[in-house]
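Inspection log for the structure reproduced underneath, given as structure tokens.
The values are calculated or read from the model by the stated rules, or taken from the named source; none is laboratory data. Since we're looking at a predicted model, the values are computed, not measured. Cβ: placed from backbone, ideal geometry, glycine included. Neighbour counts: every protein chain shown.
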Amino acid sequence: MRIPYSKPSITEDDVALVTRAARDGWGERCYEFIEEFETRFADFCGSSYAIATSSCTGALHLGLAALGIGPSDEVILADTNWIATVAPIVHLGATPVFVDIEPDYWCIDPNAVRSRISSRTRAIVVTHLYGNVADLEQLSNIALEFNIPLVEDSAEAIGAQHHGRPTGGIGTFGVFSFHGTKTITTGEGGMLVTSDADLYERVLTLSNHGRSRSQLKQFWPDLVGYKFKMSNIQAALGCSQLRRINELVERKGEIMMRYRERLGSVAGIELNLERPRCSNAWWMPTIVWPTELGVHRDDLRQALVSRGIDARVFFPALSSLPMFQPIANPHANSLPARAINLPSFHDISSESIDEVCDVVLAVLTSLGT
Ligand SMILES: *Cc1c(COP(=O)(O)O)cnc(C)c1O
């Protein structure tokens with residue numbers, strides 16, 4: 001039997017609400033679930049406003065555009081990231097500045113951020129990698145000190161908290177993804193949250209083809225905007241999934257705990273770490289081992305794949321991709337060869353987790369001794 005690395009948790013209630021939206025959510029009711037999803041999501045993040053989008057990438061694009069980011073501006077982000085986090089920066093004509101990550105939490109290193117701030121820095125984008133919470137305390141202080149907006153890419157960290165506050169709701173704005181691999185899904189979809197009323201209005205206008213809410217003329221955009229909207233049908237699934245958010249995040253934690261029990265005590269193996277006074281979202285259980293073991297991640301991945309287990313590679317450093325210039329960030333460059341993401345869909349059985357751990361242990365301990 002194949003063990004996928006990810007797959008959404010879909011119930012009959014989810015299906016029923018989507019069906020209702022498909023049947024009745026038209027005409028006067030065509031925004032019903034979108035509005036409900038936005039209101040409840042903002043509430044979940046402790047934010048004043050939320051705007052549902054077609055993807056997290058789209059949400060990030062809108063937010064950065066609303067901050068006025070463009071050519072000659074620099075945006076600092078971690079070198080270890082999914083391409084989605086840098087693509088909007090490039091499309092807006094700004095220059096991404098890739099900095100290294102912390103070796104233990106795998107999130108952007110605040111000291112590295114500080115060292116790369118320039119007179120052109122217009123935003124710091126912080127990704128809570130694999131559900132681990134970034135060092136928002138230090139990062140917020142830097143953002144405050146230099147008066148630079150702090151953006152949270154919380155796509156992988158829905159349900160995480162930093163000092164009691166939900167991630168995504170702490171920065172100038174935060175973005176989330178509801179792609180099928182994420183903790184809750186709408187198929188494709190995203191969300192932008194903020195408590196800044198002016199920023200909210202600008203994003204709302206940009207997201208609606210540049211048509212302001214206060215513009216009374218029909219078909220009258222005041223600027224060229226974007227069309228990155230979520231459909232009412234998708235939002236219905238989002239509403240239904242959001243009702244189970246605590247249960248879904250909790251299940252991710254249980255899966256992580258099982259991996260930790262089996263792998264955590266093996267010398268050298270490190271797993272996702274919870275920062276003090278934070279609670280982790282445990283989106284993607286990840287193991288990292290020391291170079292000295294002499295195991296390349298392709299060896300382990302091959303062993304897993306041959307047993308029908310779908311494991312994923314740790315993100316390659318963005319600066320190592322062909323469209324960017326290589327940067328010698330030691331952690332971002334060394335981790336991918338000695339790390340792997342393990343399966344963690346909600347319905348995975350303990351037996352399947354044990355099967356994954358058996359393969360991991362066989363490869364990492366036999367070759368290592
Ligand atoms: C999944 C993901 C995204 C992109 O989400 P989409 O909804 O696919 O656009 C962005 N950032 C991070 C960190 C992600 O994991």
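Descriptive notes on the structure:
- Matching entry among I348, I340, I327 (being surrounded by fewer than 17 Cβ atoms within 10 Å (Cβ to Cβ) and β-branched (V, I, T)): I327
- Hits in the stretch 168-179 (condition: assigned to a loop (DSSP other than H, G, I, E, B) and more than 10 Å from the ligand (Cβ to nearest atom)): G168, G169, I170, G171, T172
- When residues in the stretch 215-236 are screened for being part of a loop (DSSP other than H, G, I, E, B) and farther than 12 Å from A52 by Cβ, 12 of them pass.
- The number of residues in the stretch 192-216 that are out of contact with any helix residue (DSSP H, G or I) (no Cβ under 8 Å at 6 or more places or on another chain) and modelled with pLDDT of 95 or more comes to 10.
- Of the residues making up the stretch 23-56, those that are surrounded by fewer than 22 Cβ atoms within 10 Å (Cβ to Cβ) and among the hydrophobic types (A, V, I, L, M, F, W, C) are W26, C30, A42, F44.
- Among residues of the stretch 197-214, those that are in a strand (DSSP E or B) and on the phi > 0 side of the Ramachandran plot, counted: 0
- Among the residues of the stretch 205-221, some residue qualifies, meaning at least one is buried (at least 21 other Cβ atoms within 10 Å of the Cβ) and either of a type in the set (A, V, I, L, M, F, W, C) or within 16 Å of the ligand (Cβ to nearest atom) (or both).
Residue-wise test of (1) within 16 Å of the ligand (Cβ to nearest atom); (2) more than 20 Å from V125 (Cα to Cα); (3) touching a Lys or Arg at 6+ places or on another chain (Cβ under 8 Å); (4) at pLDDT below 95.
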{"residue": "T11", "(1), (2), (3), (4)": "no, yes, yes, no"}
{"residue": "G27", "(1), (2), (3), (4)": "no, yes, no, no"}
{"residue": "T53", "(1), (2), (3), (4)": "yes, no, yes, no"}
{"residue": "P71", "(1), (2), (3), (4)": "no, no, no, no"}
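- Options F41, F98: the member that is within 16 Å of the ligand (Cβ to nearest atom), closer than 23 Å to L237 by Cβ, not in a loop (DSSP other than H, G, I, E, B) and not aliphatic (A, V, I, L, M): F41
- Any hit, the stretch 180-196, residues being part of a loop (DSSP other than H, G, I, E, B), in contact with a strand residue (DSSP E or B) (Cβ under 6 Å, 6 or more places away or on another chain) and more than 16 Å from the ligand (Cβ to nearest atom): no
- Residue match in the stretch 158-167 (condition: within 11 Å of the ligand (Cβ to nearest atom), polar (S, T, N, Q) and within 29 Å of I10 (Cα to Cα)): no
- Those residues of the stretch 131-141 which are in a helix (DSSP H, G or I) and hydrophobic (A, V, I, L, M, F, W, C), in sequence order: L136, L139
- Helices (runs of 4 or more DSSP H) fully within the stretch 243-355 that include at least 2 residues being among the small types (G, A, S): 330-334.
- Residues within the stretch 103-130 that are part of a loop (DSSP other than H, G, I, E, B), within 16 Å of the ligand (Cβ to nearest atom) and touching an Asp or Glu at 6+ places or on another chain (Cβ under 7 Å), tallied: 2
- For the stretch 73-95, residues that are within 16 Å of the ligand (Cβ to nearest atom) and among the acidic types (D, E) total 1.
- Residue count for the stretch 103-124 satisfying the condition of being in contact with a helix residue (DSSP H, G or I) (Cβ under 7 Å, 6 or more places away or on another chain) and of a type in the set (D, E): 0.
- Among residues of the stretch 194-217 that are within 19 Å of M230 (Cβ to Cβ), none has a Cβ under 6 angstrom from a residue that is of a type in the set (K, R) and buried (at least 16 other Cβ atoms within 10 Å of the Cβ) at a sequence gap of 6+ or on a separate chain.
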